[in-house]
Amino acid sequence: MIATAAAAPQARPDDAASLTLTVEGMSCASCVGRVEKALRAGPGVTAASVNLATGRAEVRFDPAAGAIGGIVGAVERAGYTVPRAAADLSIHGMTCASCVGRIERALTAVPGVLSASVNLPRQAAHVETVAGGPDGDVLARAVRRAGYQAAVAADTPDRADRERAAREAEIRGLTRSALLAGALTLPVFVLEMGSHLIPALHVLVMETIGRQGNWLIQCVLTTVVLFSPGRTFFERGLPALVRRAPDMNALVALGTGAAWVYSVVATFAPDLLPAGTRNVYFEAAAVIVTLILLGRLLEAWAKGRTSQAIRRLMGLRAKTARVIRDGTERDLPIDRVRVGDRVRIRPGERVPVDGVVTDGRSYVDEAMITGEPVPVLKDTGTALVGGTVNKTGSVTVRATQVGAETVLAQIIRMVERAQAAKLPIQALVDRVTAVFVPIVMAVAVLTFGVWLLLGPQPALTVALVNAVAVLIIACPCAMGLATPTAIMVGTGRAAEIGVLFRKGEALQTLRDAAVVAFDKTGTLTRGRPALTDLIPAEGVEATDVLRLAAAVERQSEHPIAQAIVEAAAERGLPPAEAVDFEAEPGFGVTARVGGQTVAIGAGRLMARLGIDTAAFDDRAERLAAEAKSPLYVAVAGRLSALIAVADPVKPGAATAVRALHAAGVEVAMVTGDSRRTAQAIARQIGIDTVDAEVLPGGKVAAVKRLRGRDGRRVAFVGDGINDAPALAEADIGLAIGTGTDIAVDSADVVLVSGDLRGVVNAIAVSRATLRTVRQNLFWAFAYNASLIPVAAGVLYPAFGWSLSPMVAAAAMAASSVCVVTNALRLRGFAPPLPAVGEDADRVRSGPAAGDVTGPRAGAGVSGR
């Protein structure tokens, strides 16, 4: 018996460390004992009591010692299932990696939250809770208590427009602030630095407005810069200091604030300062704010481009649909369309819902799903996917999936989940950023103290300048943006080439795949029989034989029969009428067509009819060795042709295998089909290892064998229900998007079109993304590790070099922009094997007695 647990946590008002879990599936006292034992083994659990009658468990735990995820994990390890729920939040006010860590800690502190992943570039959070746990409003309040703005992210048809408007408003605001700050900073910079660099300007200033007038003008202009366009640093940074959770805003506020306060004292109360230290640094404070605002503007513009792929996907959604109700047609907002509605789609319109064609005929551009540029014919009874484009005719569709249930909506959610995920490599970054800002502040204080005690005169001003430089040059932003920007661009580009990462960590794992194992039927092959060979006898026309054979096979339900009928239809052969049809299992079929007896079947059928097959026996054996099913066709008692039917290998399979070999990846096949058939396919496309005649459960063991003792990373590619266990067992499961829902749900990566070249492209985009992540992290850590000591003045004793706070501000602004710009290079990622749609097989015919073989061979189809 499989028990499931529906967990509904409720934090008691008087005890925030108590939870009530509803557990389903308990049937006896043994279940109660098992659940209690599992709960008590959970981290930090002090007591657990399970009531069989109510199906509830009362859990008390120490929040400082354990988390909800650990408690739920203990239940799952005991063999129970804890359903999960998810919520997405839109967050504003984050500026650096410290903000990310603070919000994640605030969210995970909410009772019932299993995990929280905050994405800095997208300004969003994805939160996983136990089912029945805290809703989006509760989570948003927790974020607001941490000092940030938050709201539940609603997935509505106008979401793309709202996000674009918010992004444009942010860029407009930053543009105004940067321009205003620049306009006010320029005269401050000219008055102060120009006087130092140009003697004539210094004389002019002294003779006209004097030193005090100069300082007063600088004071007024700098004050406006700091407390108008630059007030955001103080509004966010000072409260963060009060909460003892400083971030980058706090560093900027402290640095510029210290320079401004010191300069104000020097201007209005110079006697409070030691002799020789009465200098002003208004220009440093103003330039720092201006440069950082400029950097944030460039960063916002670049970050907007990182999510361009997801915006393009959202742009594919129609906003209205022409619905037929009560005999009348009317345009309705897409969120008012219901399942079962009849929707009219005119030429040139985007398909608004998933549905089935009930009337009309048209060609539809499905490139957004399959990558195939050639429009596909859609007739009555065929399915349409929302977001595709109706090209020629008008069709009526019955809606089967609407809103969040459409294929396009699921693809968007899949990409967003992957973009919100954290790679294992991010763990180191999180540990560093958790203490980064406090360490920088401590270094700044130490720098000030050392220079004040040991520095040259005027020691106070030298100490102040160096301390401010340390505060300003430190850049937690670059560390916070290094990984998520690369993930966003990489997963977005992957979606554009038909590769959907359902789990972000698969990006990192897939890069290290040493073995790729394929299922055969439906994965390496098309999963349906097709006519691959037609060899007519001397003096016989291939088209005549095919037309007669199709007439007979039209009466049969066998897959081989359907393959022959489809081949005749593809060649445009007119159907003929067959009478007196007879089928004999294991032998074949016979019927009369146009007064002639036509027999189709194995050699034993021909032998029974007294027809000599010696002319074709050698070729029949060769076809059988290629995993094809050879059949003889006799017309009017005379052998007329040899035909072969097989499950053809998908186009691009051999190319994909060669590319995997070139990338240093071993290729294996794990299939339940016969060893002879599997070996034939393996030889044809170059597969290294074959594990055949394997039951679904045996595929898990096969994956373990491929992993071996050295723990090689194994990727498994499959499409069917029987592949789901292997997809889950493999280090990375890749599901064919045209496969079953169970297979897709068990996979980490989905290949939308079913083209196996997508496996190669998935590995390539994974490696490119991780390469970019490593470059970004190296830059972010190297920048901070090298320039913070320089800003502190470690080079001054040996070389006399020190770093101006203005240069520090420019470097800090540039570091974030460099990280985001480097990630944007992934938008130009070119897949090594551009995938194409699966073009239809065509059977070629040739002269009499010639071997006319279709363009692809394939796996054998069992005889009748």
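The values are calculated or read from the model by the stated rules, or taken from the named source; none is laboratory data. It should be emphasised that the depicted structure is a prediction, and the values quoted were computed from it without experimental measurement. Every residue, glycine as well, gets a Cβ built from its backbone with ideal geometry; the counts of neighbours run over all protein chains shown. Just the protein is used for accessible areas: all its heavy atoms, side chains included, with ligands, DNA and RNA removed. Shrake-Rupley method; radii C 1.70, N 1.55, O 1.52, S 1.80 Å.
State which residue is most open to solvent (accessible area, probe 1.4 Å) when the search covers only the range 346-361 and only residues that are over 32 Å from the mean Cα position of the chain (by Cα) and within 25 Å of Met314 (Cβ to Cβ).
Arg346
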(request) Would you mind telling me which numbered condition in (1) open to solvent by 40 Å² or more (accessible area, probe 1.4 Å); (2) within 21 Å of Ala259 (Cα to Cα); (3) small (Gly, Ala, Ser) Gly455 fails? (result) (1)
(request) Being open to solvent by 50 Å² or more (accessible area, probe 1.4 Å) and either more than 50 Å from the chain's Cα centre (by Cα) or within 16 Å of Glu538 (Cα to Cα) (or both) narrows it down to one of Gly603, Gly610, so name that one. (result) Gly610
(request) Considering only the range 780-803, state which residues are part of a helix (DSSP H, G or I) and open to solvent by 30 Å² or more (accessible area, probe 1.4 Å). (result) Phe781, Ala782, Ala785, Ser786, Leu787, Pro789, Val790, Tyr796, Pro797, Ala798, Phe799
(request) Give Gly586, Gly637 a once-over and let me know the one that is open to solvent by less than 50 Å² (accessible area, probe 1.4 Å) and on the phi > 0 side of the Ramachandran plot. (result) Gly586
(message) Condition first: of a type in the set (Asp, Glu) and either at positive phi or surrounded by fewer than 22 Cβ atoms within 10 Å (Cβ to Cβ) (or both). Can you find one or more residues in the range 513-525 that meet it?
(response) no
(request) Just give me the residues in the range 98-115 being open to solvent by 10 Å² or more (accessible area, probe 1.4 Å) and under 30 Å from Arg34 (Cβ atoms), in sequence order. (result) Thr108, Ala109, Val110, Pro111, Leu114, Ser115
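Look through Ala728, Ala715 and report the one residue that is open to solvent by 50 Å² or more (accessible area, probe 1.4 Å) and among the small types (Gly, Ala, Ser).
On the way: Ala715 fails: open to solvent by 50 Å² or more (accessible area, probe 1.4 Å).
Criteria check complete, one pass: Ala728.
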(message) Of everything in the range 245-303, what is at pLDDT 85 or above, open to solvent by 40 Å² or more (accessible area, probe 1.4 Å) and touching a Ser or Thr at 6+ places or on another chain (Cβ under 7 Å)? Give them in sequence order.
(response) Trp260
(request) Among the numbered conditions (1) open to solvent by 20 Å² or more (accessible area, probe 1.4 Å); (2) more than 30 Å from Gln149 (Cβ to Cβ); (3) without any contact (Cβ under 8 Å) to a residue 24 or more places away in the chain; (4) of a type outside the set (Ser, Thr, Tyr), tell me where Phe189 comes up short. (result) (3)
(request) Name the one entry in Val432, Val437, Val445, Val415 that is part of a helix (DSSP H, G or I) and open to solvent by 60 Å² or more (accessible area, probe 1.4 Å). (result) Val445
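Being modelled with pLDDT of 75 or more and either closer than 20 Å to Thr129 by Cβ or open to solvent by 70 Å² or more (accessible area, probe 1.4 Å) (or both) is the requirement here; does Arg34 meet it? Don't jump to the end; show me each part of the working.
On the way: modelled with pLDDT of 75 or more: yes; either closer than 20 Å to Thr129 by Cβ or open to solvent by 70 Å² or more (accessible area, probe 1.4 Å) (or both): yes.
Against the criterion (modelled with pLDDT of 75 or more and either closer than 20 Å to Thr129 by Cβ or open to solvent by 70 Å² or more (accessible area, probe 1.4 Å) (or both)), Arg34 qualifies.
A quick yes/no check of all residues on (1) buried (at least 24 other Cβ atoms within 10 Å of the Cβ); (2) within 27 Å of the chain's Cα centre (by Cα):
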{"position": "Cys96", "(1), (2)": "yes, yes"}
{"position": "Pro121", "(1), (2)": "yes, yes"}
{"position": "Arg144", "(1), (2)": "no, no"}
{"position": "Arg162", "(1), (2)": "no, yes"}
{"position": "Ala169", "(1), (2)": "no, yes"}
(message) Looking at the range 502-509, can you tell me whether even one residue there is open to solvent by 10 Å² or more (accessible area, probe 1.4 Å), part of a helix (DSSP H, G or I) and not polar (S, T, N, Q)?
(response) yes
(message) Any residue at all in the range 378-395 that's modelled with pLDDT of 85 or more, outside any loop (DSSP other than H, G, I, E, B), over 30 Å from Arg757 (Cα atoms) and in contact with an Asp or Glu (Cβ under 8 Å, 6 or more places away or on another chain)?
(response) yes
(message) For the range 123-133: of the residues being open to solvent by 10 Å² or more (accessible area, probe 1.4 Å) and free of Cβ contacts under 8 Å to residues at least 60 places away in the same chain, which is nearest to Ala482 (Cα to Cα)?
(response) Gln123
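If you go through the range 663-697 one residue at a time, how many are open to solvent by 40 Å² or more (accessible area, probe 1.4 Å) and within 21 Å of Ala514 (Cα to Cα)?
So in the range 663-697, the residues open to solvent by 40 Å² or more (accessible area, probe 1.4 Å) come out as 663-664, 666, 672-676, 679, 683-684, 688-689, 693, 695-697.
Adding the requirement that they be within 21 Å of Ala514 (Cα to Cα) leaves 663-664, 666, 683, 688-689.
Qualifying residue count, the range 663-697: 6.
Only one of Ala634, Ala715, Ala702, Ala627 is part of a helix (DSSP H, G or I) and touching a helix residue (DSSP H, G or I) at 6+ places or on another chain (Cβ under 9 Å). Can you tell me which? Before the answer, list the steps.
Values: Ala634 fails: part of a helix (DSSP H, G or I); Ala715 fails: part of a helix (DSSP H, G or I); Ala627 fails: part of a helix (DSSP H, G or I).
Just one listed residue meets the conditions, Ala702.
Could we say that Thr400 is open to solvent by 20 Å² or more (accessible area, probe 1.4 Å) and at pLDDT 85 or above here? Can you show your working first?
On the way: open to solvent by 20 Å² or more (accessible area, probe 1.4 Å): yes; at pLDDT 85 or above: yes.
Judged against the criteria, Thr400 is a match.
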